[in-house]
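Bear in mind that the values in this text are calculations on the coordinates, not laboratory data. Please read these numbers as outputs of a predicted model, since none were measured by experiment. All Cβ positions, glycine included, derive from the backbone under ideal geometry; neighbour counts span all protein chains shown.
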Amino acid sequence: MRVLITGFEPFGDEAINPAWEAVKRLPDTISGASIVKLLVPTAFGACGAILYEALERHAPDAIVGVGQAGGRCDLSVERVAINVADGRIPDNEGRLPVDEPIQPDGPAAYFSTLPIKAIVARVRRRGVPASVSNSAGTYVCNYLMYLALHAVATGRPGTGPGTLAGFVHVPYLPAQAVDKPATTPTMPVETMAAALEAAVEAIVEPGGATTAPEGTIC
Ligand code: PCA
């Protein structure tokens, strides 16, 4: 089994992106699966082109995107990607889409095909807080998750009907919080890497499926 794990470049005012910092620390093999690590630009368009190239080159069995969600306090496993690009700040190439469909002919949303609840359970067992998130936002992370699921749904080269795809967000690193309010949640990079490793284990090892309630009430 081969797992493609992407991590984003720094964006906005940040000099570092915890997603790539954690992804690059992963071992090359997890539970017998080979891990392909891919740095992707925080740019609408460009990140998709690099994803498609990697799909063709590696034909992964699972695609796991990882991105920074500053302000979140745990490993958040995304449930859904929606067909909209609506930025708040320009991406790293200066693009700021507003209310644009990602794929004009695509469905309104795709659900993650990763075992999201098994991932949450496994990460918690590793001693790291985790939760299911019901919004990946409307910026580049949601965009990449949508494109990965759309690639599988439309049979892009390098994918098959059983290719799994989804996304997880990670908090800021402690070093990113020194100039932010004292209550800003952070997670050390080693903890993030351990959580991502546990997440991959949940994806590649059969039998971990769970339907534990993880919903939210507004
Ligand atoms: N986080 C942003 C884009 C890149 C990243 O790491 C997001 O959540 O959309």
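Key figures
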| quantity | calculated |
| --- | --- |
| Residue within the range 141-155 that is out of contact with any Lys or Arg (no Cβ under 8 Å at 6 or more places or on another chain) and over 15 Å from Gln103 (Cβ atoms) present | yes |
| Some residue of the range 73-86 being in contact with a helix residue (DSSP H, G or I) (Cβ under 8 Å, 6 or more places away or on another chain), within 16 Å of Glu9 (Cα to Cα) and in contact (Cβ under 8 Å) with a residue 60 or more places away in the chain | no |
| Helices (runs of 4 or more DSSP H) wholly inside the range 103-218 containing at least 2 residues that are within 16 Å of the ligand (Cβ to nearest atom), surrounded by fewer than 23 Cβ atoms within 10 Å (Cβ to Cβ) and within 16 Å of the chain's Cα centre (by Cα) | 189-204 |
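Condition check ((1) hydroxyl-bearing (Ser, Thr, Tyr); (2) touching a residue at least 60 places away in the same chain (Cβ under 8 Å)) across all residues:
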{"site": "Tyr146", "(1), (2)": "yes, yes"}
{"site": "His150", "(1), (2)": "no, no"}
{"site": "Pro171", "(1), (2)": "no, yes"}
{"site": "Ala175", "(1), (2)": "no, yes"}
{"site": "Pro181", "(1), (2)": "no, no"}
{"site": "Pro185", "(1), (2)": "no, yes"}
{"site": "Val189", "(1), (2)": "no, yes"}
